[in-house]
Protein chains: 2
Amino acid sequence: MEFFKYYNPTRIIFGKNTISEIGEYIKEYGYNKVLILYGGGSIFSNGVYSEVSKSLQLNDIISVEFGGVQPNPTLDHARAAIRIIKDNNIQAILAVGGGSVIDEAKSIAAGCYVDDVWNIFEKTESVKKALPLFTVLTLSATGTEMNSFAVLSNTEQKKKWAFGSPFSYPLVSIIDPQVQMTLPWRQTVNGGVDALSHIMELYFAGDSAEATLSINEALMRTVIKSVDELQKDPNDYDSRANLAWSASLALSGLTAVGMNGGEWSVHRIEHSISAYYPNVAHAEGLAVIFPAWMKYVNKQNSERFERWAKNVFGVDSINEGIDALINTFKRWGAPTSLADLNVPSEMIEQIAQNSMLLGIVGNKHKIDLDASRSILNLAL
Amino acid sequence: MEFFKYYNPTRIIFGKNTISEIGEYIKEYGYNKVLILYGGGSIFSNGVYSEVSKSLQLNDIISVEFGGVQPNPTLDHARAAIRIIKDNNIQAILAVGGGSVIDEAKSIAAGCYVDDVWNIFEKTESVKKALPLFTVLTLSATGTEMNSFAVLSNTEQKKKWAFGSPFSYPLVSIIDPQVQMTLPWRQTVNGGVDALSHIMELYFAGDSAEATLSINEALMRTVIKSVDELQKDPNDYDSRANLAWSASLALSGLTAVGMNGGEWSVHRIEHSISAYYPNVAHAEGLAVIFPAWMKYVNKQNSERFERWAKNVFGVDSINEGIDALINTFKRWGAPTSLADLNVPSEMIEQIAQNSMLLGIVGNKHKIDLDASRSILNLAL
């Protein structure tokens, strides 16, 4: 078991009717002027905006609102938010939405203290400070509400890249699983696939950290079980709650202990797909690429893949495990091939090249240009 | 799944040769005068003291030393430490040792800001501030290195009581599993029993939090597997590391999510045993009382007990599960009866009475005086 540091100071407030507490938490930290960042406006139809707004008023917190965050949040939009913050002497950011909104909020929070926010992603400037960040989560998927990572897309340069910093943990994240009951089924599935993918990226890179391996198996089973239950009854509160909490834990640091930093090849290839196809949801790309990656690499790490097949799906061989994963995705209605995403074979070369912009990726399983190409072909 | 708040800001530095970093962390927070609190002096023979001392010197940190913390830390000793801190303008506490040392350090840290430290335990004064606390853990067992709880014994009044406060999380805890390789076997076992007991106190009180239930089963299996491996080879680093990390997580808040605060009846009864028998190690009392408590309460919660028997021990009935737990303790050489602890049946009445000083205990399984008596009788 390798050396590790574990640190996650985010306060999680989890449960029914917790959104109305957000104002109190912001006030507790002494802030009275925030930027409310949100996405497409579903927060207006599902009542979340009204709850947040009331809570801020009750606690004498002034807010400036900025909507329009895209499903793949963009550099241009983040830059615009930074200008608003500087022009209005905003003290803190309140992100209300799913992973995209919170990710862009983290970019903005750190971007307020550098020359240009994209420099953080290019690693030409480092994060030494960030605006305080509060979040109200409306879609459990990426785990960003409980970690220090963010992804942003530079659409002009076709780069969808990530950063992380110890200054980027949300101070407080409120998770009310009730507000997720009205989500379209596709988004529930995407949340499950995303959470599962985070755990798997870590799990297959891990060594002898038995505690983490078995925790990760427990979480993978819980995600699958919860989504299955929600397919029967989208209003099953306990399954919503278990899926939400598993998704938060999935990338909270807990699942990474002793996992050597993870593989992340599937994420890299997926990011290259959505760099060219911004309408492909992150999780849809992951559902397509993960089984293909498994087919490509499993022989290098057969003991771990056998354990995974057995402890997550209760089957005896690696191939049965991969089939069980594909069948799970199919059962949920997730795409499982590039064809399902309308990505033609002619695009493979460009996507594979794009996935190598940051160099070879992977840990136990190094993925170079050839390998990326092969995985994409296996995903056809 | 019930409402919950999750918050654990302690920074964990875990791995080989990490103790020499302690001075840098204390310096990072800007402190240069600490009280080093320790116990019986094993830190002098295992090299830990010398590592700590060197690291403090290298980082220009002045220290005042105060040893002699007892296995069941006492109020008198904590009061003496508070006087030393006040007389010497100490800025922070560095606890070097096992759970007892860290627990007393938490009591001292909070006790510096109230009229008398025991008032915190009697709940007549509340904790609003505490000295910053750093820890170097030398024995993984209680999980105190990663939580906000502490236990202290008022020997005069025969009260072994607990408190917890959001100001009582250690800032940084260093865990080097290597230093635990030289522990006497009995202490390794006690660590395993203690960690297992924490998880079980929570697990049996939980409702529908599938994520936590399955994480807790994963951790119970990991603790048992790790101690079994260490019985074969005390120098097996990976098993030391997995046991250490599982013990930290066992009472970190993670295992408590959705568990309704836990049962804690076994802890309460055990505390009453060690109030009369200070030489009985906490974990030894737990190993004796837990199976007796299970025998007494399992019929009220048979579904959970069956799940536990199946998922932790792979057996099909509750009775087989309880037998498997007893056999695990016996295999490790832990006591499994009051007779093993040299506690005679004549003491049951006094211990049972003592266990009710704070009122009825338990959650799904309320334990009153009669029940406490019955459990103690089942433990004979």
Discussion item. If I filter the stretch B:5-35 down to residues being crowded, with 22+ Cβ neighbours inside 10 Å and either free of Cβ contacts under 8 Å to residues at least 12 places away in the same chain or over 16 Å from residue B:175 (Cα atoms) (or both), which single residue comes out as farthest from the other protein chains (Cβ to nearest Cβ)?
Written reply: B:35
Worksheet entry | Hits in the stretch A:241-273 - residues which are farther than 14 Å from residue B:212 by Cα and within 12 Å of chain B (Cβ to nearest Cβ) | A:252, A:253, A:257, A:258
Worksheet, complete the sentence: (1) among the aliphatic types (A, V, I, L, M); (2) outside any helix (DSSP H, G or I); (3) touching a Ser or Thr at 6+ places or on another chain (Cβ under 6 Å) all hold for residue A:326 apart from (2)
Worksheet item: Can you tell me which residues in the stretch A:175-215 are among the charged types (D, E, K, R) and either farther than 18 Å from residue A:310 by Cα or touching a strand residue (DSSP E or B) at 6+ places or on another chain (Cβ under 9 Å) (or both)?
Response: A:176, A:186, A:194
Worksheet item: For the stretch B:167-206, which residues satisfy the criterion of being under 14 Å from residue B:246 (Cα atoms) and small (Gly, Ala, Ser)?
Response: B:191, B:192, B:195, B:197
Practice prompt. Residues being farther than 19 Å from residue A:266 by Cβ, more than 14 Å from chain B (Cβ to nearest Cβ), buried (at least 18 other Cβ atoms within 10 Å of the Cβ) and over 16 Å from the mean Cα position of the chain (by Cα): count how many of those fall in the stretch A:180-215.
Written response: 1
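Residues in the stretch B:154-204 that are among the charged types (D, E, K, R), at pLDDT 95 or above and out of contact with any Asp or Glu (no Cβ under 8 Å at 6 or more places or on another chain): how many? Reasoning before the result, please.
Pass one, the stretch B:154-204, residues among the charged types (D, E, K, R): B:156, B:158-160, B:176, B:186, B:194, B:201.
Going one step further and asking which of them are at pLDDT 95 or above, we end up with B:176, B:186, B:194, B:201.
Add one more test, that the residue is out of contact with any Asp or Glu (no Cβ under 8 Å at 6 or more places or on another chain), and what stays is B:176, B:186, B:194.
Number satisfying all stated conditions: 3.
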Worksheet item: Within the stretch B:63-91, how many residues turn out to be in contact with a strand residue (DSSP E or B) (Cβ under 7 Å, 6 or more places away or on another chain) and assigned to a loop (DSSP other than H, G, I, E, B)?
Response: 6
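Does residue A:218 satisfy the condition of being free of Cβ contacts under 8 Å to residues at least 12 places away in the same chain and at the interface with chain B (Cβ under 10 Å from one of its Cβ atoms)?
Details: free of Cβ contacts under 8 Å to residues at least 12 places away in the same chain: yes; at the interface with chain B (Cβ under 10 Å from one of its Cβ atoms): yes.
It is true that residue A:218 is free of Cβ contacts under 8 Å to residues at least 12 places away in the same chain and at the interface with chain B (Cβ under 10 Å from one of its Cβ atoms).
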Worksheet item: Of the residues in the stretch A:284-302, how many are in contact with a strand residue (DSSP E or B) (Cβ under 9 Å, 6 or more places away or on another chain) and under 17 Å from residue A:194 (Cβ atoms)?
Response: 1
Discussion item. Could you check the stretch A:154-166 and list, in sequence order, the residues that are within 14 Å of the chain's Cα centre (by Cα) and buried (at least 19 other Cβ atoms within 10 Å of the Cβ)?
Written reply: A:160, A:161, A:163
Discussion item. I'd like the full set of residues that are over 24 Å from residue B:77 (Cα atoms) and either touching a helix residue (DSSP H, G or I) at 6+ places or on another chain (Cβ under 6 Å) or not assigned by TED's automatic domain parsing to the domain that holds residue B:79 (or both), limited to the stretch B:23-45.
Written reply: B:23
Discussion item. I'm trying to understand the selection: among the residues of the stretch B:319-341, which are without any contact (Cβ under 8 Å) to a residue 24 or more places away in the chain and not small (Gly, Ala, Ser)?
Written reply: B:319, B:320, B:323, B:327, B:330
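Restricting the search to the stretch A:1-22, which residues are among the acidic types (Asp, Glu) and either not assigned by TED's automatic domain parsing to the domain that holds residue A:139 or not in a helix (DSSP H, G or I) (or both)?
A:2
Could you tell me which residue of the stretch B:167-179 is nearest to the chain's Cα centre (by Cα), considering only residues that are more than 11 Å from chain A (Cβ to nearest Cβ) and not polar (S, T, N, Q)? It would help to see each step written out before you state the result.
Keep residues of the stretch B:167-179 that are more than 11 Å from chain A (Cβ to nearest Cβ), which gives B:167-168, B:170, B:178-179.
Pick out the ones that are also not polar (S, T, N, Q) and you get B:167, B:170, B:179.
Numbers: B:167: 18, B:170: 14, B:179: 18 Å.
The extreme case among them is B:170.
Going by the conditions given, is residue B:352 of a type in the set (Gly, Ala, Ser), part of a helix (DSSP H, G or I) and free of Cβ contacts under 8 Å to residues at least 40 places away in the same chain?
Working: of a type in the set (Gly, Ala, Ser): yes; part of a helix (DSSP H, G or I): yes; free of Cβ contacts under 8 Å to residues at least 40 places away in the same chain: no.
So residue B:352 fails the test.
The values are calculated or read from the model by the stated rules, or taken from the named source; none is laboratory data. Predicted model, so just to flag it, every value in this text is computed and none were measured. Backbone-built Cβ (ideal geometry, glycine too); neighbour counts: all protein chains shown.
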